[in-house]
Amino acid sequence: MNVEDRLNLLLRNTEETVTEEDLRTLLAQSAKPRVYIGFEPSGLVHLGWALCASKMRDFIDAGFELTIFMADWHARINDKLGGDIERIRLCAKYMGDCFAALGVPMDQVKFVLASEIMEKNNYWETVIKVGKVTSLSRIKRAMTIMGRKEDDAELDSSKFLYPLMQAADIFAMDMDVAYAGIDQRRAHMLAREAAEKLGWKVPVAIHTPLIPGLSGMNRMDPISGKMSKSHPDSNILIHDSAEDIQRKMKKAFCPPEVEGNPVLAVCKYILFGRGGHLVIERPEKFGGNLEFNSYEELEETYLAQKLHPLDLKNGVAQALSDYLAPAREYFEKHPENLEALKESMAQM
């Protein structure tokens with residue numbers, strides 16, 4: 001692929017790129033740039049990660065060297081999984097299974113634990129240097145990357161380290177691009193600002209949208225309404241049964257509009273994220289089956305009230321069940337880490 005083809009591949013289904021011109025320059029100068037995406041090992045994996053997995057495949061197809069970064073000590077700071085570092089690392093192994101189940105070619109990615117890079121590469125020196133050019137107020141503004149409020153740092157001073165560590169991760173691994181959901185924007189901007197002040201390579205930041213929870217998204221605070229493992233009936237796990245998917249989707253918020261509609265968001269970013277089509281089965285007395293070959297066609301039909309919300313939800317539930325069938329099959333063959341994590345979480 002030429003530069004523009006690679007650029008278009010990377011920009012699809014994204015919410016923001018900082019900056020697009022920097023990304024174009026990077027693609028023109030490097031045949032094998034380096035990108036990473038970081039995750040806190042913190043519990044069972046939901047459908048929102050399917051969008052990340054799809055974008056990770058885009059990076060690989062565009063010729064990037066991709067690192068999946070498991071932020072084990074970050075999760076410890078953020079009190080995930082009871083703050084138990086061994087449970088957190090068990091979760092990291094399970095999450096590796098999840099990416100394989102979602103179609104990420106694991107033989108083409110690097111899988112790195114945060115604790116591995118903290119033991120070398122002058123990591124803590126990098127953390128201190130980033131801290132020296134970053135104010136406390138700037139760090140507090142970035143606390144939302146942890147799913148926390150600024151004032152939470154008053155309860156536990158280790159949380160001040162988190163944004164500095166997330167920036168240092170990028171520099172310690174010498175990344176050209178930092179990729180994440182839009183909820184991580186403040187950490188990436190902190191890293192870019194620090195790099196400019198220190199005269200270091202400024203990373204490109206690419207952000208994809210957040211998939212809303214099935215109960216709907218707060219328009220005033222969209223990050224708080226993202227699909228989350230902390231709201232079991234408002235999320236779909238990637239290894240959910242067809243019956244669970246149908247049950248959860250039946251209760252999903254589905255207003256006659258696009259904004260804040262989790263069902264349409266699933267269609268746009270998951271079911272149509274890499275092309276494809278959607279079939280809505282309906283009795284003949286209600287107009288018969290509908291088939292859509294693009295998200296735009298589906299959205300137009302739904303907004304024109306030619307498709308009932310219940311019919312849409314039923315069709316999406318079936319399509320999601322088919323979409324996630326390979327993930328279910330993967331865990332049927334490789335249940336060890338999932339079952340071990342469930343057992344460990346039950347002891348919390």
Fill in the blank from the handout: Rounded to the nearest 10 Å², the 1.4 Å probe accessible area of residue 185 is 90 Å²
Exercise for the section: Quick one: work out the % antiparallel among DSSP beta bridges in the chain, nearest 5. Expected result: 30 percent
Practice task
Calculate, for residue 243 and residue 108, the FRET efficiency according to 1/(1 + (r/R0)^6) with r their C-beta to C-beta distance and R0 30 Å; round to the nearest 0.05.
Solution key: 0.30
Fill in the blank from the handout: Under the rule rounded for a/c under 1.5, else prolate if a/b exceeds b/c, else oblate, using alpha carbon gyration tensor axes a ≥ b ≥ c, the stretch 1-133 is classed as oblate
Practice task
Report the residue, chosen from 261, 122, 235, that carries the largest GNM mean-square fluctuation when the chain is represented by alpha-carbon nodes joined by springs under 10 Å.
Solution key: 122
Fill in the blank from the handout: If unit charges are put on Cβ atoms (+1 for Lys and Arg, -1 for Asp and Glu) and the dipole of the chain is taken about its Cα centre, the option from 209, 50, 130 lying farthest towards the positive end turns out to be 130
Practice task
List, in order, the whole-Hz ³J(HN,Hα) value for each residue of the stretch 298-312 obtained from phi through the Karplus relation with A = 6.51, B = -1.76, C = 1.60 and θ = phi - 60°; use x for Gly and Pro.
Solution key: 5, 4, 4, 5, 5, 5, 7, 6, 9, 9, 6, x, 5, 5, 4
Fill in the blank from the handout: For the stretch 97-190, the count of lysine pairs 8 or more apart or interchain whose alpha-carbon atoms are under 20 Å apart comes to 9
Fill in the blank from the handout: Under 5 Å from the placed amide H of residue 40, counting only residues 5+ away or on other chains, we find 71
Exercise for the section: Report, in debye and to the nearest 20, how large the dipole of the chain comes out about its Cα centre when Lys and Arg carry +1 and Asp and Glu carry -1 on their Cβ. Expected result: 560 debye
Exercise for the section: Report the extension gain between residue 32 and residue 294 in nm, rounded to one decimal, defined as 0.36 nm multiplied by the number of residues separating them, less their alpha carbon distance. Expected result: 91.1 nm
Practice task
Measure up 268/306; 93/201; 80/342; 32/201; 32/55 against 21 Å on the Cα-Cα distance and list the ones that go over.
Solution key: 93/201
Problem - Given charges at beta-carbon only (K, R positive; D, E negative), |dipole| of the stretch 222-348 in Debye - result: 260 debye
Fill in the blank from the handout: Helix 123-132: inclination vs the chain longest Cα principal axis, degrees, rounded to 10, gives 90 degrees
Completion exercise
In the stretch 288-338, taking the dipole from +1 charges on Lys and Arg beta carbons and -1 charges on Asp and Glu beta carbons about the Cα centre, the listed residue (337, 289, 305) farthest towards the positive end is 337
Exercise for the section: Indicate, rounded to the nearest 5 percent, the antiparallel portion of the DSSP beta bridges found entirely in the stretch 1-132. Expected result: 0 percent
Practice task
Round to the nearest 0.05 the FRET efficiency obtained for residue 193 and residue 282 when R0 = 56 Å and r is the Cβ-Cβ distance.
Solution key: 0.60
Handout entry: Solvent accessible area, Å² - residue 73, 1.4 Å probe, full protein context
Key = 100 Å²
Practice task
For the stretch 274-282, just list the computed ³J(HN,Hα) in residue order, Karplus coefficients 6.51, -1.76 and 1.60, θ = phi - 60°, integers in Hz, with x standing in for Gly and Pro.
Solution key: 10, x, x, 8, 9, 10, 9, 8, 9
Exercise for the section: With +1 on each Lys and Arg Cβ and -1 on each Asp and Glu Cβ, and nothing else charged, work out how big the dipole of the stretch 1-87 is about its Cα centre, in Debye to the nearest 20. Expected result: 220 debye
Fill in the blank from the handout: Taking 241, 137, 215 and ranking on accessible area (1.4 Å, protein atoms only), highest first, one gets 215, 137, 241
Handout entry: Exposure of residue 36 as accessible area (Å², to 10), given a probe of 1.4 Å and all protein chains
Key = 10 Å²
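The values are calculated or read from the model by the stated rules, or taken from the named source; none is laboratory data. These numbers come from a predicted model, not from an experiment. Here Cβ is always computed from backbone atoms with ideal geometry, including for glycine, and neighbour counts include all displayed protein chains. Areas reflect the complete protein model, heavy atoms only, side chains present, ligands, DNA and RNA absent. Shrake-Rupley method; radii C 1.70, N 1.55, O 1.52, S 1.80 Å.
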